[in-house]
Amino acid sequence: MKHIVKILTLLVAISALWIGLLQSSILPHGRTWLLPIYFIVSLGCYGLLMVGIGLMTFPTCPAEGLLLQKIFVSLITVKNT
């Protein structure tokens, strides 16, 4: 539930910023409409980066490694018989 509140708070803040930029003349009007697209592309890049970092720093699990080795050994013995 806490993550949903954080996400909704972030979306409301971004929406308020976007509406504020649309109503002010800080940025050209044509570029302001592209901000949601930039945000979605940036969010996708961030997601891919987090997945890549998670794959590069995969935590070692010795118990699961031993279990996987036992499964491989049993498969090899079944295949050879």
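The values are calculated or read from the model by the stated rules, or taken from the named source; none is laboratory data. None of these values were measured; they are calculated from a predicted model. When we count neighbours, we look across all protein chains shown, and the Cβ atoms used for this are built from the backbone with ideal geometry, even at glycine.
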**OP:** Could you list, in sequence order, all residues of region 1-60 that are touching a helix residue (DSSP H, G or I) at 6+ places or on another chain (Cβ under 8 Å) and aliphatic (A, V, I, L, M)?
**Re:** Ile14, Leu21, Leu22, Leu27, Leu35
Original post:
within 17 Å of the chain's Cα centre (by Cα) and at pLDDT 85 or above, is that true of Gly47?
Top reply: yes
